[in-house]
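Here is the structure we will look at.
The values are calculated or read from the model by the stated rules, or taken from the named source; none is laboratory data. Note that the structure is predicted; figures quoted are calculated from it, not measured. Using ideal geometry, Cβ is built from the backbone for each residue, glycine included, and neighbour counts are taken over all protein chains shown. Keep in mind that these areas ignore ligands, DNA and RNA; they rest on the heavy atoms of the full protein, side chains included. Shrake-Rupley method; radii C 1.70, N 1.55, O 1.52, S 1.80 Å.
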Amino acid sequence: MYHSPGTASKILKNTKNQIMKNIVLLCLLSICMTSHGQKFDKLAQTPPMGWNSWNKFNCDIHEQIIRETADALVSTGMKDAGYEYIVIDDCWQIDRDSLGFIVADPVKFPSGIKALADYIHAKGLKFGLYTCAGRKTCQNRPGSRGYEFQDALTYARWGVDFLKVDWCNSEGQNAVESYTLLRDALHQAGRPMVFNLCEWGLNKPWEWAAKVGHMWRTTGDIRENWDIPDAKEGKCWAGGIIINLDMQQGLEVFAGPGHWNDPDMLQVGNGDLTESENRAHFSLWCMLAAPLFSGNDIRQMPESVNRILLNREVIAIDQDSLGKQGFKIKDYGQIELFYKPLKNGETAICVFNRYNYPVKIELSWQNLSVTAWKNNQKLDLPVTIDRKEFKIENRYQIRDLWGKEVIGTTEIPTIAEIGGHDVLMLKLYKSIDQ
Ligand code: GLA
């Protein structure tokens with residue numbers, strides 16, 4: 001076909017215009033995609049703290065328990081100590097309506113979820129809810145698969161501040177894709193929510209979830225037991241405190257402000273855990289910079305449990321703004337030494353006695369080594385982990401965070417007695433060299 005020079009230049013102009021239009025369109029599209037393709041940053045700069053209904057109540061929840069728990073969070077002083085989210089776990093939902101909107105169980109939650117969220121907000125607390133990335137939740141309630149954007153909008157309208165997303169009934173789904181889709185749905189809904197991935201560590205979320213959410217489970221479900229050795233096999237579906245703790249080794253490099261490893265919620269005050277075990281569990285979770293969700297009935301807490309959950313000096317180790325997850329630098333089998341760098345060059349040290357009897361220990365600050373005795377008999381403690389690169393460079397004051405007193409300086413070894421299944425939790429602060 002023949003075109004005159006004038007027509008040819010017109011065609012050229014039109015083509016240029018079209019290319020420009022395409023470029024603008026592409027830019028807009030990529031702006032759109034990046035603005036949806038992100039999590040809410042600035043949230044969870046320290047590990048989130050609160051209460052979750054699952055560990056104590058399982059499916060037996062109703063709105064009265066949630067309201068009373070919100071009241072108790074305030075009256076016990078837990079709110080002032082930093083516990084801010086009240087999270088309803090599985091079993092609040094029962095169906096979808098004809099338009100696909102999620103429906104709360106009208107018998108257990110007659111006032112509706114929005115009213116509950118309002119009640120919780122009025123107390124200066126934040127509100128969390130649970131769903132599942134699969135078709136059904138772990139208790140066979142409707143999951144969010146296929147309803148991601150609709151559910152995200154509903155949660156935003158209800159005033160949800162925190163969303164836990166489980167992984168049951170997700171056969172055939174890809175975890176990265178499913179959770180990323182939910183992240184985008186939440187972002188598009190526009191209400192900032194802490195996004196808690198709960199896929200039990202099956203797909204190594206520590207490697208990819210920092211871009212997706214604010215915390216991710218690293219283990220199967222924590223049980224209200226100290227140790228369940230059989231659970232070490234398989235997927236760890238009934239892990240006690242010890243198993244969940246052991247599974248954190250090496251994950252410390254993946255945690256930081258806005259993205260935390262979650263060794264699961266606290267069992268402090270549940271089952272037949274002893275006071276020492278509760279204290280050790282809580283201390284170690286704080287050393288790990290773990291999210292702190294109490295899972296007990298805080299409406300009727302024994303004094304000993306109250307003292308543990310409310311030890312502000314120990315909580316401060318968890319919440320330290322440097323945001324470093326602590327880790328084991330010495331492993332003597334049944335005696336272990338955990339180390340957590342804190343802001344201003346301070347350090348938290350936790351000596352953990354896994355024996356079920358008390359030991360006397362001597363902690364040498366020069367090489368961070370531990371010697372231990374049972375009834376004046378020196379224990380044979382072969383060391384299996386010895387990370388010599390971690391040292392105490394300056395001379396510090398030492399504060400015992402459970403004894404709540406200064407117990408000396410790092411100039412001389414520390415000698416202490418540690419009960420069975422218990423810890424010595426220390427903070428090295430204020431260098432005496434300066
Ligand atoms: C899974 C989760 C638990 C809890 C239950 C609820 O097992 O890992 O934390 O949310 O589902 O059904």
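Rounded to the nearest 5, the antiparallel percentage of DSSP beta bridges internal to the chain is 65%. For segment 339-434, the average shadow cast by the Cα convex hull is 6.4 nm², which is a quarter of the hull's surface. Of the GluC sites (Glu not before Pro) in segment 199-307, the ones in a loop by DSSP (not H, G, I, E or B) with at most 14 other beta carbons within 10 Å are 233.
Per residue, the accessible area of the chain comes to 45 Å² when a 1.4 Å probe rolls over the protein heavy atoms. Cross-linked pairs 39/126; 39/108; 114/204; 211/404; 324/404: Cα-Cα separations exceed 27 Å for 39/108; 114/204; 211/404. Averaging the sequence gap over all C-alpha pairs within less than 8 Å and six or more residues apart, then dividing by the number of residues, gives the chain a relative contact order of 13 percent. Under 5 Å between amide hydrogens, built in the peptide plane, is the criterion, and for residue 221 it picks out 239 among residues at least 5 positions away or on other chains. On segment 364-422, 44 percent of the accessible area sits on carbon and sulfur atoms, based on a 1.4 Å probe.
Fraction of C-alpha pairs exceeding 17 angstrom in segment 122-241: 57 percent, rounded to a whole number. Nonpolar atom fraction for segment 157-205, defined as the carbon and sulfur part of the 1.4 Å probe accessible area, stands at 44 percent. As a size descriptor, the averaged projected area of the C-alpha convex hull of the chain was calculated at 29.8 nm². Surface calculation, 1.4 Å probe, protein heavy atoms: residue 49 sits at approximately 10 Å² accessible. Amide H contacts under 5 Å for residue 85: 49, 50, 51, 126, restricted to partners 5 or more places along the chain or on a different chain, H placed in the peptide plane at 1.01 Å from N. Across segment 74-149, C-alpha contacts under 8 Å between residues 6 or more apart give a mean separation that, scaled by the residue count, equals a relative contact order of 32 percent. Loop-located chymotrypsin sites (Phe, Trp or Tyr not before Pro) across segment 66-136 with a Cβ neighbour count of 14 or fewer within 10 Å are 101, with loop assigned by DSSP.
Given a 1.4 angstrom probe, I'd like the percentage of the accessible area of segment 236-308 that is carbon and sulfur, rounded to a whole number. Of the solvent-accessible surface of segment 236-308, carbon and sulfur hold 50 percent.
Using the rule -39500 (n - 2.57) for each DSSP H run of four or more residues, divided by the residues of the chain, the 222 nm mean residue ellipticity is -8500 deg cm²/dmol. With a Förster radius of 25 Å applied to the beta-carbon distance between residue 378 and residue 275, the computed FRET efficiency rounds to 0.35. Build a GNM of the chain with springs between Cα atoms under 10 Å apart, and of 380, 151, 89 the one that fluctuates most is 380.
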